[in-house]
Structures are given as C-alpha cells and as structure tokens.
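A short write-up of the structure that comes next.
The values are calculated or read from the model by the stated rules, or taken from the named source; none is laboratory data. Just so it is clear, the structure is predicted and the values come from calculations on it, not from any experiment. Here the Cβ positions follow ideal geometry from the backbone for every residue, glycine too, while neighbour counts run over all protein chains shown. These area figures cover heavy atoms from the full protein model, side chains too; ligands, DNA and RNA do not enter into them. Shrake-Rupley method; radii C 1.70, N 1.55, O 1.52, S 1.80 Å.
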Amino acid sequence: MNQDQDDAPGTLEEAAEALRAAERSVREARRRLRAAIVAAYRSGESVPVIASRTGEEPYQVRNLLAAAGISGRS
C-alpha cells in the first residue's frame, strides 16, 4: 500500500465530513484571531506590531479592524 492509500479516508462521506470539520476549525481559528487582533489594537498595539506578531500584512489587519467598525487612530 502506498502513502496516499494509507492517508485516504474509507469513504466519500468520511472525506466530506473531514473537510467540513476542518472548515469549522478554520472558521473558529479565524474568529479567535479577529478577536485577539481587535483586543490588541484596543489595548494600544499598533497595526505594524500586530501584523508582525500574527504574520498578517498590515493592510489585512487594517481591513479587519475596519470590518469590526474600528477606525484608525488619529
């Protein structure tokens, strides 16, 4: 048996469920990251620092904050 066969789920239904479970996990991880970014920004961290800490680009952090209704600092 080759490596691909060892890792393959038994049925199409199992594979589809595994994908749905992974997608739920990704959505939850994104929700947690958004909340952590908003909290970090509200506690005074700058967009570049947050971007550096998270591996995101600064424009992504700014877009996320804007989508959360948070305007830039003056």
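Put simply, the Cα atoms of the chain extend 61, 22, 17 Å along their principal axes, the longest span coming first.
For the chain, the dipole from Cβ point charges (+1 on Lys and Arg, -1 on Asp and Glu) about the Cα centre works out to 880 debye, to the nearest 20. Note that segment 31-40 has calculated 3J(HN,Hα) couplings of 4, 5, 5, 4, 4, 5, 5, 4, 4, 5 Hz, one per residue in order, obtained from phi through the Karplus relation 6.51 cos²θ - 1.76 cosθ + 1.60 (θ = phi - 60°); glycine and proline are x. If I model segment 17-56 as equal point scatterers sitting on the Cα atoms and use the Debye formula, what is log10 I(q)/I(0) at q = 0.14, 0.21, 0.34 Å⁻¹? For segment 17-56 at q = 0.14, 0.21, 0.34 Å⁻¹, log10 I(q)/I(0) is -0.39, -0.65, -1.06. The residues of segment 11-74 present an accessible area of 74 Å² per residue when probed at 1.4 Å with all protein chains retained.
Ranked by the mean number of other Cβ atoms within 10 Å per residue, highest first, peptides 46-53, 15-22 order as 46-53, 15-22.
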